[in-house]
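In what follows, a structure is listed as structure tokens, so that the remarks can point back to it.
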Amino acid sequence: QVQLVESGGGSVHPGGSLRLSCAASGISLRDNVMGWYRQTPGKQRELVATVRPGDYTNYADSVKSRFIISRDNDKNTVYLQMNSLKPEDTARYYCYTVDPDTYWGQGTQVTVSS
């Protein structure tokens, strides 16, 4: 059974940082596309970042230069380092992988407020 478990969310002030983790079991992430989406109630889901085999990364314009996606194949984990957080980054963040079916984690809440 494939499971993706996110952690690392929380509440921070604007300008703060958080690192999200997504640990996988039942599947090897080594050769998969991995990524993070985020969603807030009433808004469309937004693709935040992806990392492909070979560590090719892509980011939404809204997070470029602030967020960094990375993967640790030995730990079967993908990370999202979020810096210079803004209130508009507040959302529930979900990791996913494609193998070739798409698997999702349960999400972790990030709240940025003063």
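Brief remarks on what is shown
- Cβ-placed point charges (K, R +1; D, E -1), dipole of the stretch 1-67 about Cα centre in debye, nearest 20: 140
- Once exposed loop trypsin sites (Lys or Arg not before Pro) are cut out (DSSP; at most 15 other Cβ, 10 Å), longest piece of the chain: 76-114
- Taking 7 Å steps out from each Cα toward its Cβ at residue 19 and residue 68 produces label points 0.9 nm apart.
- Amide H contacts under 5 Å for residue 48: 36, 37, 38, restricted to partners 5 or more places along the chain or on a different chain, H placed in the peptide plane at 1.01 Å from N.
- Rounded to the nearest 20, the size of the Cβ-charge dipole of the chain about its Cα centre is 260 debye, with Lys and Arg at +1 and Asp and Glu at -1.
- Share of carbon and sulfur in the accessible heavy-atom surface of the stretch 22-68 [1.4 Å probe, %]: 46
The values are calculated or read from the model by the stated rules, or taken from the named source; none is laboratory data. Worth saying up front: this structure is predicted, and the values here are computed from it rather than measured. Positions of Cβ are backbone-derived with ideal geometry, glycine not excepted, and every protein chain shown enters the neighbour counts. The area values use the complete protein model at the heavy-atom level, side chains included, leaving out ligands, DNA and RNA. Shrake-Rupley method; radii C 1.70, N 1.55, O 1.52, S 1.80 Å.
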